[in-house]
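Here the structure comes first, spelled out in C-alpha cells, and everything after it is commentary.
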Amino acid sequence: MHAELNVLYSAINNGAQRASKVEDMAMLGKIARGAIAAFVSLAAVSLAASLPAAAQDFPKRTITMIVPFAAGGPTDIVARIVAEHMSRTLGQSVIIENVVGAGGTLGATKAMRAANDGYSIVMGHMGTHAAAVSLYPNLVYKPDTDFEPIGLAAGTPILIVARKDLPVKDLKGFIVYAKENNAKVNMAHAGVGSVSFTTCLLLNSILQTKPTQIPFNGTGPAMNALLGSQVDYMCDQIVNLVPHVTSGNVKALAIGTPERNPALPNVPTTIEAGLPEFQASAWNAVFAPKGTPKPVVDKLADALDKALDDDAVRKRLLDLGSDIPGKDRRGPQALSMLVTNEIAKWSPILKGSAIN
Ligand code: MLT
C-alpha cells in the first residue's frame, strides 16, 4: 500500500513539475512572440521612416525611360507620347534613352540592372517581356520576376506590310510570291525576340516559307529600308505604319486582328484576306527594376494612368491605331498577369526557334 502511495505522489510531483515546465514554456513563448512582434514593428517603422521620404519627394529629378529600340519606331512613338504627359503629372521630365540591340533585350537588361529608385524605367513589350524568354535560352533577366510592372501603355495590332512596288496586289498574291521566291524574298525585322521578328516567325511558319531575314535596330530604321524598297516586307505594329500606309508609300496586305482598325479602315483583316490562322497583336508597357519601392511604383502607375485618360494623348494613340487599355487592364497587377500569360502563349509557338 505504502509503495503504491509513493508512486502516486511522485507521479503527481512529476506532473506538477511538468505542468509548471509547460506553464514556463508557455510564458517563454508569449515573451518571444512579443519580442518578435516588437522587432517587426520596429523594423517596419524604421523602414517606413526611410521610404516615405523617398516616395514623398519622388521625383526630385529627371526620370529616364529606356526604349530598347531605335528612335522613330513604334515603341519609341508610344513611349514619347505617354512620357510627355507623365512628366506633367510627376512634375519632372521623363526623358527617353534609346538603348538598342539583341531584339530589345540589351535595353531591357540595362533597365533590370538600373538603380531601383524609380528614376530608371523601361518601355518593354511583347517581345522583350514575353517572346524573348523562349528565344534566348540564356536571357539574363526574367520578365515576370526581375521587374516591377508599372502598367500597360498601349496594345498595337500587327500588320503584314510590303514595299509599295512589290509585284503583288493582295495577301493571296503575296503568299504565292513568298512561296515561289522563298529565300530571294527579304524580310526586315528589329532583331531576334522583337515583335516584328516574333510575329513574322509565326507568319513564315504558317506559310512554310524561309525568307532572307534582314535585322535592324528597330522597325523605325527597317521602315526606312522598306520605303526605299531595300527590303520586301515585314510584320510591324500599327503605330509605326498609319502615315506610310495612308500615304500609299507602303502596301498594307492585312491586319492580324478579327476586326478592321478604325485608323486604317481599308486594310482587310487576315480572316477577310484568307489567312485566318495569322492573328497577332503586340503591347507596350512600362516596367521598373525589381525592388523599386511600392509608393514610387504607385506614383509612376498613377502618372501613366492619367496619361491614358488625357484626351490629347488618347487622340494621338487612337489616330495611330493603338488600343488604349481600359481601367481593368491598367496598373501593376494587370500587367503582371499579362506578362505571365504572354510568356506561356508564345512559348509553344516559338518552340524550336530558340537561338543558341
Ligand atoms: C520598335 O520600336 O522598333 C519595335 O518595337 C521593334 C519590334 O519589336 O519589332
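The angle separating the long axis of helix 294-309 from the principal Cα axis of greatest extent in the chain is about 30 degrees. For the chain, the solvent-accessible area with a 1.4 angstrom probe is 46 square angstrom per residue. The lysines within cross-link reach of LYS60, meaning a Cα-to-Cα straight distance under 16 Å and a gap of 8 or more places when in the same chain, are LYS299. Of the beta bridges in the chain, as assigned by DSSP with both residues counted there, near 65 percent are antiparallel. When the chain is treated as a Gaussian network with alpha carbon springs shorter than 10 Å, the biggest mean-square fluctuation among ALA183, ALA83, ALA303 belongs to ALA183. Measuring nothing but protein heavy atoms, the accessible surface of the chain at 1.4 Å probe radius is 60 percent carbon and sulfur. Have a look at ASP57, ASP305, ASP170 and tell me which one the Gaussian network model of the chain (Cα, springs below 10 Å) gives the largest fluctuation. Largest GNM mean-square fluctuation: ASP57.
Separation of segment 98-115 from segment 291-314 is 21 Å, based on Cα centroids. Working from label points 7 Å from Cα in the Cα-to-Cβ sense, the LYS184 to ALA26 distance is 9.1 nm. Using the rule -39500 (n - 2.57) for each DSSP H run of four or more residues, divided by the residues of the chain, the 222 nm mean residue ellipticity is -15500 deg cm²/dmol. Here the Gaussian network model covers the chain, with springs between Cα atoms less than 10 Å apart; of GLY118, GLY34, GLY291, GLY34 fluctuates the most.
Over 31 Å between C-alpha atoms is what I'm after, so list which of LYS210/LYS251; LYS251/LYS327; LYS210/LYS327; LYS294/LYS351; LYS327/LYS351 land there. The answer is LYS251/LYS327; LYS210/LYS327; LYS294/LYS351; LYS327/LYS351.
Magnitude of the charge dipole for the chain, about its Cα centre and with charges confined to Cβ atoms of Lys, Arg (+1) and Asp, Glu (-1), is about 340 debye. Just need the relative contact order of the chain here, percent rounded to a whole number, with Cα pairs under 8 Å and 6+ apart. Relative contact order for the chain comes out at 25 percent.
Given a Förster distance of 41 angstrom, what is the FRET efficiency for ILE36 paired with LEU318, based on the Cβ-Cβ distance and rounded to 0.05? All intermediate terms of the calculation are to be shown ahead of the outcome.
Details: r = 54 Å, r/R0 = 1.32.
Result of the calculation: an efficiency of 0.15.
With a simple spin-label model that places each label point 7 Å from the Cα along the Cα-to-Cβ direction, the separation between THR212 and LYS306 comes to 5.2 nm.
The values are calculated or read from the model by the stated rules, or taken from the named source; none is laboratory data. Computed from a predicted model, the values in this text were never measured in an experiment. Please note: Cβ atoms are built from the backbone with ideal geometry, for glycine as well, and neighbour counts cover all protein chains shown. What goes into the accessible areas is simple: the full protein's heavy atoms, side chains included, and nothing from ligands, DNA or RNA. Shrake-Rupley method; radii C 1.70, N 1.55, O 1.52, S 1.80 Å.
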